[in-house]
1. So, in the stretch B:389-408, of the ones that are among the small types (Gly, Ala, Ser) and within 7 Å of another protein chain (Cβ to nearest Cβ), which residue ends up surrounded by the most Cβ atoms within 10 Å (Cβ to Cβ)?
2. Restricting to the stretch B:248-273, name every residue that is within 14 Å of chain A (Cβ to nearest Cβ) and over 25 Å from residue B:193 (Cβ atoms).
3. Among the candidates B:392, B:347, B:367, single out the residue that is over 28 Å from residue B:319 (Cα atoms) and either modelled with pLDDT of 90 or more or of a type in the set (A, V, I, L, M, F, W, C) (or both).
4. Could you check the stretch A:91-109 and list, in sequence order, the residues that are within 17 Å of residue A:48 (Cα to Cα) and out of contact with any Asp or Glu (no Cβ under 8 Å at 6 or more places or on another chain)?
5. So which helices (runs of 4 or more DSSP H) are wholly in the stretch A:252-315 and hold at least 3 residues that are closer than 23 Å to residue B:153 by Cβ, at pLDDT 90 or above and touching a strand residue (DSSP E or B) at 6+ places or on another chain (Cβ under 9 Å)?
6. Taking the stretch A:178-202, which residues are out of contact with any strand residue (DSSP E or B) (no Cβ under 9 Å at 6 or more places or on another chain) and not in a loop (DSSP other than H, G, I, E, B)?
7. Could you please find all residues in the stretch B:1-43 being under 30 Å from residue B:408 (Cα atoms) and at pLDDT below 70?
Amino acid sequence: MRLAALAGVVATLVAVTAGCGGGGGGSKSGGTSTGNSSVKGTVKFWGIWAATEQKAFQKVIDGFHKQYPNVTVTYQSKGNDIPTVLSTAIAGGNPPDMADVAQPGLVKQLVQQGHLKPITYAKPTISDNFSPAWEKLGEVNGKDYALLYKASNKSTLWYNVNVLKQAGVKPPKTWSQLISDAKTIKASGTPAYSLCGSNGWTLTDIFENLYLRRWGQAKYDQLSAHQIKWTDPSVTKTLQDMAQVVGDTGNIYGGVSGALQTDYPTCVDYAFATPPKAAFNFQGDFVSLEILQATKSKPQKDFNVVPFPTITPGPNAKAVETGGDLIITFRDTPAIEAFMKYLATPQAAEIWAKLGGFGTGNKHVPASVYPDPITAATEAPLAGATSVAFDMSDNQPASFGATTGQGEWGIFQKFLQHPTQISSIQQQLESAAAKAYKSGK
Amino acid sequence: MSGQSITAEPPPAAAPPEPTGEARSRHLTGGLFLLPAAILLGVWLVYPTVYTIVRSFFGQSGYLGTWVGIDNYKTLFTTSTLVTAIKNNAIWVGVVPAFVTALGLIFAVLTERVRWVVAFRTVVFLPMAISAFATGITWRLMYQQDPNLGAINALGRAVSSAVSSPGVLSNALPSTTALQTHGGGLLLKTPLHPGGVALLGLTGIAPTDVPQGARQAVKPAGKSGAIEGVVWRDFKPGGGKPGVVEHGELGLPGVTIELRDSSGKVVQTTKSDPNGSFSFKGVSSGSYQAGIGAQTFAKPFGGYSWLGPSLITPALLIAYIWIWAGFALVVIASGLAAMPREVLEAARTDGATEFQVFRRVTVPLLAPVLSVVFITMVINVLKVFDIVIALAPESTQSNANVIALAMWRTAFSGFDFGTGSAIAVFLFLLVIPVLALNIRRFRREA
């Protein structure tokens, strides 16, 4: 939810700064225009997008109205409270036709309660435009129920251009390059990493990226669902990877005790302050706005972004951790079906992508549609991702995966304090997870 | 939560039964008047309390969930964060009421004798007017570890920099393993003889931290009868070759260089030139070692980690006492004002010292007021919540955990309403004896 809100602000900014966005990619025809006018009706759509995002989505709707002149889509913004608003509307027997939600767990819950309609009619369009890894994110029990229309990229690494220049290193492509770069950067006199240790989720995000990139989507999903134990050797290996960063305590700005008191987004500000306090910051695409607002850094000149470093070559090298807005349907009419199919086309994505603050896994959307180089750098890798996964906490009981100071967040903060005690950390994770999953039944 | 029930008044004493029709209608009217209050009490206090108690024996989610017996209570006493919460609450109860009452008493007695009583009392009472959340945020800023941010550590730095000054290169590190740490400074492992050259390469120095006037480092050729050398920033973009003086690497001026003889005794000391070079002249034959003095690396005061795992609870206690001392002061001062003066005067005429008057007369006479303050503070502290969530950073909230916070997190963040209810019931049980005490006192006073 936090990320969705941030993405909203990012969109606001990018849309303002990118008035003269670059030329769009070649538009492919989404549907045949013959017979489109025979589809009639109205679609009531509730979403979390407000302000600039709402305007952007209205343009997407306008694009649809050109293709289907006899269908009227009305969008209503319900803000971040949409889960509450939806459950109230469902209880009252009057849900909208369509909605967008940022919580995969909510989609699953609504399917299990029988409130959602499958979108199998859109499957050919979705399969045409999205790789199976993306399509899978909208599946519940093997059936398509949702479309991840607007995606964000949490697998990015932000760096301070000037610090890297002074140290004479290139932005890292692989994890081992990152570790050796970090040594050089330390020798140059600036700490390599700025961590937000006060917020446990920033630490679990690093772990999740590392786990996904080393072991792939299938194993990631199993660990999320606690089908793999936290004492598994794969977790050991990934914690060892992570210890190369969190165990390099002399290379963390403020040391361990400083990092534990640094919250998000303060650690972002540290990395891009003048003079810079650190070189690298592990955060998703949503921080560019923070950098622009809170620091004097200019895009590309002072700050830049690369994909999260690759751990091992092979199919998982380009894996992406994502978040975003899933579109769901509560009813099934020709108008709704037409709009759902339209949203899966490259045109529907390009209209918003040009305005900024938008990413998509649609493989027919070229990188050139993104309005500025930073957005292109963060969002274009989405389409090429071979392996995609949501934040782990979406599949975990909240008491384990999303509670301040307790469960996973608290234990990863302990890991930051004791990076050598990997097996003890694993046991703590496993016993906390076992407890949470057991009482979840 | 359950602490709120302290506002509930004891049930009104039943009137003696009078079986006349007039009395019956009077009873009916009385009942009607009682009804709204009874409904409110039932809906907002009785039902939630009963439900919470029942709920604590059931599983995680749903209106009731599955029956789990006393499992939730077992969880309460076996989960480390919850046990920490219970321990911390014990510390709070042990420290805060006593300190607040004592401070309030001292302030109240002392302010009786100062001229600007009202001004002083207002200042001490002011924190009460600020919300606990705002207080938490303010103290959090003051407690920051970085002396540039936190007022308390800034004070520490001002004191420490008056005593000792930080070195020119507090962050520097040796560039090769030939240089090893030696009593806070660095020492070159390789033994030197007259005519030898010492290479003291350092890294980890940001370009902005290089002392002013630094020039390209120059490696001396070596001179007979002298030991020469260079201390320099052994880094150029890309890293360069460690231990080799290269083009583009700056000498470090003003660094204290020590020459030690084979027994480890410092025989000569010098400072490096703008190009980093230094020279020890008139060295007699023998084996020597060169190194950099510890004062070069003296670290500036880095600040105490007030918000870190070990100091967070004391830090919270201080802030909390700061808030409530004013409350104690005002209550005790009013008790003091109502105290019969003649008793004090009598004691003084009988030759009691001021301290004896305080201990033998003032305190015993104030005892009822002091106990009100003490008990109120015990209840307040048992359900302490807002200051912890506002002041402690997320990373140490598990170290600073208290029962009320643990309950809220478990129930509304972890969505484990079973364990959450068990914590609430436990807190309720802790509050009951204090409540009973309070109610008994109300009765006595009435």
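The values are calculated or read from the model by the stated rules, or taken from the named source; none is laboratory data. As the structure is a prediction and not an experimental result, all values here were calculated from the model. For neighbour counting, all protein chains shown are included, and Cβ atoms are generated from backbone atoms with ideal geometry for every residue, glycine included.
1. B:395
2. If we filter the stretch B:248-273 for residues that are within 14 Å of chain A (Cβ to nearest Cβ), which is where we start, we get B:248-250, B:252.
Matches in the stretch B:248-273: B:248, B:249, B:250.
3. On the way: B:392 fails: over 28 Å from residue B:319 (Cα atoms); B:367 fails: over 28 Å from residue B:319 (Cα atoms).
It is B:347.
4. The answer is A:95, A:96, A:97, A:98, A:99, A:106, A:107.
5. Fully inside the stretch A:252-315 and qualifying: A:266-271.
6. Taking the stretch A:178-202 as the starting set, the residues that turn out to be out of contact with any strand residue (DSSP E or B) (no Cβ under 9 Å at 6 or more places or on another chain) are A:179-180, A:183-184, A:198-201.
Listed by number, the residues that qualify are A:179, A:180, A:183, A:184, A:200, A:201.
7. B:1, B:2, B:3, B:4, B:5, B:6, B:7, B:8, B:9, B:10
The rows are residues; the columns are (1) farther than 30 Å from residue A:247 by Cβ; (2) touching a Ser or Thr at 6+ places or on another chain (Cβ under 8 Å); (3) within 14 Å of chain B (Cβ to nearest Cβ); (4) not in a helix (DSSP H, G or I).
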| position | (1), (2), (3), (4) |
| --- | --- |
| A:348 | yes, no, no, no |
| A:354 | yes, no, no, no |
| A:365 | yes, no, no, yes |
| A:378 | no, yes, no, no |
| A:389 | no, yes, no, yes |
| A:410 | no, yes, yes, no |
| A:415 | no, no, yes, no |
| A:419 | no, yes, no, yes |
| A:424 | no, no, yes, no |
